[in-house]
Amino acid sequence: MAKKRYAMVIDLKRCVDCDACTIACKQENHTPPGVAYTRVLRKEVGEYPNVRRQFLPILCNHCEHPPCVPVCPVGATWKREQDGIVVVDYEKCIGCRYCMTACPYGARFFDFGENYSEPLNVFEAQASNEYGKQWNRANGNSPIGNVRKCTFCVHRLDKGLEPACVQTCMPKARLFGDLNDPDSEVSRLLAERRSFVLKEELGTGPNVYYIT
Amino acid sequence: MKRGITLAYWVVLGVTILIGALALVVRALDGLKVTNLTQIVPWGLWVALYIYFIGLSAGSFLLSTLIYVGGVKRFEPVGKIAMFTAFVALMAGLLFILLDLGHMERFWTVFFNRNPNSVLEWEIHFYLLYMVILVAELWLLMRRDLVRWSQEKKGWLGTLYRLMALNSRDISEKALQDDMRLVKLLGLIGIPVAIGVHGGTGAIFAVVKARPYWYTGLFPLIFITSALASGGALLTFIVAFFSQLEEKARGELVGGLGKLVAALLGVDLLFIASEFLIGIYGAIPDHLATYNTIMFGPFWWVFWILQLGIGAALPLILLTHKRTNSNITWIGLAGAMIVVGIVGVRLNIVIPPLTRPLVEGFDTAYIPFTAAASLSALPATLDQILSYITWAGGLILLVALGALILFAAQKLGASIGQPAFYAAGIVAVVVIVFLAIRVVGAPGVSLAVNGGTAWSGYADMFAQTDSARQNGLYFPTLIEWLTSAGVIAFCVALFSIGKALLPLETKELSAEEMERARKSPWLARTEVNK
């Protein structure tokens, strides 16, 4: 099978700041308070009457050269050969949080073990499905005490589904695909439109592109 | 009087260790949610104290190599103490990094799950290698005394020394020379290892290109110079106040150490100034924001008062002014000040660069989704009980500090005039009380940053509200303070016990003593065996 290079293209002209992606991600991955693999940044530019709100959805860039990977003392995080997704092994991670300081995008989160409600409601008590396994957040077991991050919903990709944030995006601002396939929608969009990536100067080679 | 102070010392240590142990239990059961660490500031007090103690350790060790490798005979009397200090400080550093892990129970996996690209992984190996060298060198240095004491001392102490002597019995001159040759060799290997230990700890930060403040080639060097300064200062303090050497020898030793420390501190300040000036001139927003936070943020006093005032300016004056630079007490005090002040350096290394969100708006993007109510991590009653315990512990510590100041006033009285010193003592107590109020967040004392209340009142120190996990402002919780105090007290106690029991300050044997040792039946038997 050919190697894939998964990437996301986000059309900033289409984003309406509905935060549906944030919610979809939280539902899909059952993330605790404070942990949101994707979120929408907002900024106001200009002065009245020429004011405009700008939105920037951010998530893990699944960099070509991820600075978070080499720092891990136990090799619990790596970039997958077959599709370029940066993953974390919850059973290996010792929770030192070095990768959180090394990521230039704030894409990594620590699971402090907090919950939205005590006792847990039905939804919160359900297991997270990340990496195709069942993760019950209880008694300090992983992923509590681990660093967690966006996986491009790898458990959904395995079933032939798109990442949850892409599927839910109402204005179709988020597109997902394989950059190694020149016919894919993401490849064609990047060829046609102007794009940028975040903090390009650091040489991380992000795989989340923004088109304007 | 002396007995009273000793008793007070052990009571304070014991209480602190006990409270720290309780806090440690809470931390072990509830995980890192008992800390005030956030998604934006994932490293805090514990990491700062970890690099602080590793620095103390490496600094003390490097100074000891000056003696055993460099042949600086002048400092020989502090050699073994330096080595033992390095060992205890290393223990403290490793305890702190263990405390900071999200999964403490997995710490041993670092030896099996390898990642040769990780600086941290390399550091773990450096620490181990360093520990082996340290223990081996210390044992070789103490060996002859251990052998001697194992015959002289009776009861359980004798047994202890026999165990520690590891069945070695040879105390001839030749054996001693062999020991020293090995010590020199180990010290020689130890120099690059110790530089790796702390320079490498600096490199943990320096390789992070996401944080401009850390990402400089000078950073690991600053770690090494400040390590040398703090290690030397700690030795100065220990020798000045707790050495059993005679007054004159002690004076010479402390004077020499004081000069050395002043020079090291000067180099350290020079490096820091270079970092600041270049960073500010470059004015990269993230870089500038870090300096802004350090100098004018809510914890400005850590920089101006702790790091520069107590940690640099005052001790430099004390160490260089002609009225104080030949007085053991003042030099020792300067050493203590540097040891305390370097904590500020370490805090400012770890925390401020993390406080600025990596992407603008990151910290505010998510606020609508945080839980509305603040949830208590602990049942109210336990919270109450713990609060009483901590207040009591705090009071005891304050009383102990007051006693120490009075004690110091008595010792210093003749040289500087008592009223001035008592006034200074009172001011110090007031400042300590003020800081203590800030620490525990007594009612009415809160701090608002970025429009939101970052930490308010006592309850939040234990029960973290969810929204604060998004905050760029970090202040340790009581649990973090108490566990830290506990670990430090534990290591201080370890040091005191070691200092009391181990032959760290013995003199050369006189001919008569040698003769007596040779004639002892125990040794005679071994010679027959040969």
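A few points about this structure:
- Test: residue in the stretch A:150-161 that is small (Gly, Ala, Ser), on the phi < 0 side of the Ramachandran plot and surrounded by fewer than 22 Cβ atoms within 10 Å (Cβ to Cβ): no
- Those residues of the stretch B:58-100 which are of a type in the set (D, E, K, R) and farther than 21 Å from B:SER484 by Cα, in sequence order: B:LYS73, B:ARG74, B:GLU76, B:LYS80
- Residues of the stretch B:148-184 satisfying the condition of being β-branched (Val, Ile, Thr) and farther than 19 Å from B:LYS80 by Cα: B:THR159
- Positions within the stretch A:22-36 being in contact with a strand residue (DSSP E or B) (Cβ under 6 Å, 6 or more places away or on another chain) and more than 9 Å from every other protein chain (Cβ to nearest Cβ), in sequence order: A:ASN29, A:HIS30
- Residue list for the stretch B:22-42, restricted to those being buried (at least 16 other Cβ atoms within 10 Å of the Cβ) and either part of a helix (DSSP H, G or I) or of a type in the set (Gly, Ala, Ser) (or both): B:LEU22, B:ALA23, B:LEU24, B:VAL26, B:ARG27, B:ASP30, B:GLY31, B:LEU32, B:LYS33, B:VAL34
- Comparison of B:ARG114, B:ARG74, B:ARG106 shows that the only residue that is surrounded by fewer than 23 Cβ atoms within 10 Å (Cβ to Cβ), within 11 Å of another protein chain (Cβ to nearest Cβ), assigned to a helix (DSSP H, G or I) and among the basic types (Lys, Arg) is B:ARG106.
- If you check A:VAL74, A:VAL40 for being of a type in the set (A, V, I, L, M, F, W, C) and over 15 Å from A:LEU12 (Cβ atoms), only one passes: A:VAL74.
Residue-by-condition table, conditions (1) out of contact with any Ser or Thr (no Cβ under 6 Å at 6 or more places or on another chain); (2) among the aromatic types (Phe, Trp, Tyr):
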{"residue": "B:ALA8", "(1), (2)": "yes, no"}
{"residue": "B:LEU13", "(1), (2)": "yes, no"}
{"residue": "B:ILE17", "(1), (2)": "yes, no"}
{"residue": "B:GLN39", "(1), (2)": "yes, no"}
{"residue": "B:PRO42", "(1), (2)": "yes, no"}
{"residue": "B:TYR50", "(1), (2)": "yes, yes"}
{"residue": "B:ILE54", "(1), (2)": "no, no"}
{"residue": "B:SER57", "(1), (2)": "yes, no"}
{"residue": "B:PHE61", "(1), (2)": "yes, yes"}
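- The listed residue being out of contact with any helix residue (DSSP H, G or I) (no Cβ under 8 Å at 6 or more places or on another chain), among the small types (Gly, Ala, Ser) and at negative phi, out of B:GLY102, B:GLY31, B:GLY70: B:GLY70
- Only one entry in B:GLY155, B:GLY200 is farther than 30 Å from B:ASN292 by Cα and out of contact with any Leu (no Cβ under 6 Å at 6 or more places or on another chain), namely B:GLY155.
- Residues that are more than 14 Å from the chain's Cα centre (by Cα) and of a type in the set (A, V, I, L, M, F, W, C), drawn from the stretch A:42-67: A:VAL45, A:VAL51, A:PHE55
- Here B:LEU95, B:LEU90, B:LEU45 are screened, and the one residue that is more than 13 Å from every other protein chain (Cβ to nearest Cβ), under 15 Å from the mean Cα position of the chain (by Cα) and surrounded by fewer than 23 Cβ atoms within 10 Å (Cβ to Cβ) is B:LEU95.
- Residue that is farthest from the chain's Cα centre (by Cα) [pool: residues in the stretch B:298-335 that are of a type in the set (Gly, Ala, Ser) and surrounded by fewer than 20 Cβ atoms within 10 Å (Cβ to Cβ)]: B:SER326
- Pick from the stretch A:96-110, criterion assigned to a loop (DSSP other than H, G, I, E, B) and within 22 Å of A:ARG39 (Cβ to Cβ), ranking: farthest from the other protein chains (Cβ to nearest Cβ): A:ALA107
- Evaluation of A:PHE152 against (1) within 14 Å of chain B (Cβ to nearest Cβ); (2) outside any helix (DSSP H, G or I); (3) closer than 23 Å to A:PRO32 by Cβ (one fails), failing number: (1)
- Flag if A:ALA2 is surrounded by fewer than 17 Cβ atoms within 10 Å (Cβ to Cβ) and more than 9 Å from chain B (Cβ to nearest Cβ): yes
- In the set (1) over 28 Å from B:VAL399 (Cβ atoms); (2) hydroxyl-bearing (Ser, Thr, Tyr); (3) more than 11 Å from chain A (Cβ to nearest Cβ), B:THR38 fails one condition alone, (3).
- Single residue of the stretch A:111-128 satisfying the filter (in contact with a strand residue (DSSP E or B) (Cβ under 7 Å, 6 or more places away or on another chain) and assigned to a loop (DSSP other than H, G, I, E, B)) that is nearest to the other protein chains (Cβ to nearest Cβ): A:ASP111
- Of all positions in the stretch A:133-141, at least one carries a residue that is at the interface with another protein chain (Cβ under 8 Å from one of its Cβ atoms) and more than 28 Å from B:ALA206 (Cβ to Cβ).
Laboratory data are not the source of any read-out in this text; all were calculated from the coordinates shown. Note that the structure is predicted; figures quoted are calculated from it, not measured. No Cβ is skipped: glycine too gets one built from the backbone with ideal geometry, and neighbour counts run over all protein chains shown.
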